[in-house]
Each structure stands twice: as structure tokens, then as C-alpha cells.
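Notes follow once the structure below has been shown.
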Amino acid sequence: MNNRELLQRSLAAVWHPCTQMKQHETLPLVPIARGQGAWLYDCDGNRYLDAVSSWWVNLFGHCNPRINDAIKDQLEKLEHVMLAGFTHQPAVELSERLAQLSGLGHAFYGSDGASATEIALKMSFHFWRNRGQPGKTRFVSLENGYHGETIGALSVTDVALFKDTYAPLLRTSVQMPTPDWRYAHADENAQDFALRRAQALRSHLEQHHGETAALILEPLVQGAAGMGMYHPEYLRQARAICDEFQVHLIADEIAVGFGRSGTFFAHEQAGIQPDFLCLSKGITGGYLPLSAVLTRDPIYQAFYHDETAKGFLHSHSYTGNALACRAALAVLDIFAEDKIIAANRAKAELFNRIADPLRLHPKVRHFRNTGMIWAFEVASRTQGCSRQFFEEGLKRQVLLRPIGNTVYFMPPYVVDADEFSHLVAATLEIIECIA
Ligand SMILES: *Cc1c(COP(=O)(O)O)cnc(C)c1O
């Protein structure tokens, strides 16, 4: 099948996500036939460097032989069995290993990020209820925060474009001022700014802790906000304030977990532990939909009871899918065998040097890096240069999807120096031609 035929059939049969479909009258879909490493190939043999890791999920490249082999092996044994009343080796092993890595446990599985958010919110509320505090029903999140788009998750998300239309359906939640250092005063460093922003959280919880179940946030990087980055001091403060006022801290590491922030989990950089940890995206290396929520033992114990309704009666059909768990185990093996966290640290240093011409470019603002994420704003005459960037990127063999005027690189960890140099060179050309 050729490119043209596939995209026409797609427009007729598929409702694409996060898309005004009419836009595709002028913006062609990109029909992808196969992937290899950091590259995607279309049906005519053109290739694109996947600089956004296919919406932040891919870690070790497309068609990774080790993940492929693990899934093939699992496929011959068991593809899926319901996890209520049954169990299987991949789910058990994955739960044990995630517990080892996080110091939390009792992994509860869902199928995608938004369902992990829903699980954490429901668990937090239900914990307080089981503990005789049913009045703790409200949630607090951060300004510009993103936690998914199902009704519950959207209620704590703060991205107007996704939220405003559905506002009448949503339960209100309160947003605290973001610690994203792009909003700091010119003479204020990121840490001082984080401290100042934490004050607002303290005053809010001082007044409202009696009705607040949890604070949910994205540790260190607010992805959908345009890779807004902040100092770990804010997490330390948030942990202390939540402890002081008996409010849960939910770490949504759906995007920043699995090494993306430079440590295995982002909250490690603040030396804290959340009450709930939400994981998805990179968990299967970008292969299969899977999410997990881990929590502390005392929280689990509050559900452990003779009374059925005190238990957490939540489920998804594909909870703990065996193929997905097995892919996740292969991902953890790669982390351990190839010492990925250390390797990425060296890689990020090298990539920062390669990206210097961008950092120093007169049209680039707020150049920033956390772990394997790079981002900056482009001073452009046209508001929202996102589409132009995307189209010009394809002409130069790179897949970029800026968020507004924020251009970001979030490549698979297998990207090498030559590929990263190609990405930087293409981006510099695009800035010249559109800004
Ligand atoms: C992507 C994302 C989600 C939602 O995950 P889905 O799998 O798209 O539902 C939630 N939180 C954060 C921080 C994310 O980046």
C-alpha cells in the first residue's frame, strides 16, 4: 500500500486523537509503515527521527530486539488472564521489581496514564473515608499541570485547550501557582522561586486541609505545559507541607518516570517519597498500554478489611496484561544490564554541548534540560509556530511536535550523537526559515 492510499482510508475510517480532523484537509497525515531504532519509515521509504519518542512513550527504540524477544516468548505462554482471582508470573515479578525501585508497593494496574490518575485519586479519597475522614473529598494540583483527559483526570488537569469545553462536566479542583522557573523574577533563582511558590501551597492547605484528600503533581517537569521545569526544592517543600497537614502527595511520573528526568524516578532528586506513584508511558518501552499505581503499606492496610466495600473495588478489563507486564520486565532488564541511568547522564552532557548553538541562538528563549528532555521557546512573529515546525521538520527527516512556541526534544534513549546532531541542525534551519 502506498502513502496516499493509506492516508485517505485513515481519514475515512479513523478519528485521530487530539486533532481537529478538518485540519487534515491541508495537513497530510504521515502514514508509518515500520520503525527501527530512533527512526520511523513511511510507506514510500522516507524516514523521520522520532524526536518525541512517539508521544513520550518510547525508550529503547522501535522494534527493539530484546523487547521483541520477551514479548514473543510470553506470547507462546500466556497473552492475558483476568487479574481478579488470578495471578501470573509477569505481573508478580513486575510488581516486585517496581517495589524494589521505588520503595513503595502493592502495584495496582491500569491500561493507560489517565486510568492511573483515576486510580490514585479514588484510592486517596477512599483511604480517608476508610479512616473516618469522609470530608476529605477535594484535590489540589498545579497551575498548567496535566494528568490525563478522562473526566476525573481532566478535573485536576489545568490546560485550558483540553479542559474548558468540558468544564460543565468536571468537578472543580484548586490549582496552586506553578514552580516552573520560566515564571520567576529575573533576579530570582529557581530554588528561591520554588520556595516562594511553596508558600502559596502552605497557605492553601493551612485553610483547606480538612477537605483536601491529595495534592497531585508532575515531579520536576510539567510536560504538557510545554516542558516547564522546576527545582526539586518544591517537591521537598510539598512533601513537608502535605505531611504537616495530612494530605496525600500523588507523584504523576507518567511522563518523567523510567529515567526521563535523569534519575530512575524524578522524585528521587528531591530525596522524598510520594504516597502514590503513577507510572505509564515508558513503562513498556512504548510497546503496549500499561499503567501502575504504587503506594505505601499503611495506605494499603486501610483497605484490608472483612468488609468488601472497604476494599478498592476498581478494575479495568486488561488490568495487569501479561504481554504488557513482560515488555515492562524486558525494559527493566535493559536498564539494569546496560546501566542506562549512568549512560544517559554521559549522553545528556554530550547532547548539551551539541545543542549549544540552539542555547546561544538569538531567537531561542529559556533553553532548558532535565535528564533526557530539552526544551526552549522560539521568539516567532507568528503565534503558534507548531504546525510550521512540524511540516518543516518532516522535510528534514525529523518528527517534532512543538507545544505552542515551545520546541522540545524527548528522544528515545538509543539516539546517538550523529542523530542528535542531525536533530539540532534541522531545528536551527527551521528556526531560520520560520521565525
Ligand atoms: C500522558 C500523561 C498522562 C495521561 O496518560 P495517557 O496514557 O495519555 O492517558 C497523565 N499524566 C502525565 C504527566 C502525562 O504526561
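The values are calculated or read from the model by the stated rules, or taken from the named source; none is laboratory data. Everything numeric here is computed off the predicted structure, so don't read it as measured data. Glycine also receives a Cβ, built like all others from the backbone with ideal geometry; neighbour counts cover every protein chain displayed. Just the protein is used for accessible areas: all its heavy atoms, side chains included, with ligands, DNA and RNA removed. Shrake-Rupley method; radii C 1.70, N 1.55, O 1.52, S 1.80 Å.
Observations
- Filter result (touching a helix residue (DSSP H, G or I) at 6+ places or on another chain (Cβ under 8 Å) and open to solvent by 30 Å² or more (accessible area, probe 1.4 Å)) within the stretch 406-428: Ala417, Ser421, Leu428
- Ser141 being under 29 Å from Thr284 (Cα atoms) and within 14 Å of the ligand (Cβ to nearest atom): yes
- Selection status of Ile272, in a loop (DSSP other than H, G, I, E, B), among the β-branched types (Val, Ile, Thr), closer than 16 Å to Leu249 by Cα and more than 16 Å from the ligand (Cβ to nearest atom): yes
- Residue in the stretch 233-244 that is open to solvent by 30 Å² or more (accessible area, probe 1.4 Å), touching a Gly at 6+ places or on another chain (Cβ under 7 Å) and of a type in the set (S, T, N, Q) present: no
- Looking only at the stretch 43-70, residues that are open to solvent by less than 30 Å² (accessible area, probe 1.4 Å), more than 16 Å from the ligand (Cβ to nearest atom) and either farther than 30 Å from Trp374 by Cα or among the small types (Gly, Ala, Ser) (or both) come to 3 in all.
- Selection of the stretch 230-269 for residues being farther than 20 Å from Asn144 by Cα and in a loop (DSSP other than H, G, I, E, B) yields Phe245, Gln246, Val247, Phe258, Gly259, Gly262, Thr263, Phe264, Phe265.
- The residue of the stretch 174-203 that is least open to solvent (accessible area, probe 1.4 Å), among those that are within 21 Å of the chain's Cα centre (by Cα) and of a type in the set (S, T, N, Q), is Thr178.
- Figure legend. Inter-residue proximity from the stretch 98-119: first residues away from the ligand (no atom under 16 Å from the Cβ), second residues basic (Lys, Arg) and open to solvent by 10 Å² or more (accessible area, probe 1.4 Å), beta-carbon distance below 8 Å, spacing 6+ or different chains. Indicated pairs: Leu104/Arg296; Gly105/Arg296.
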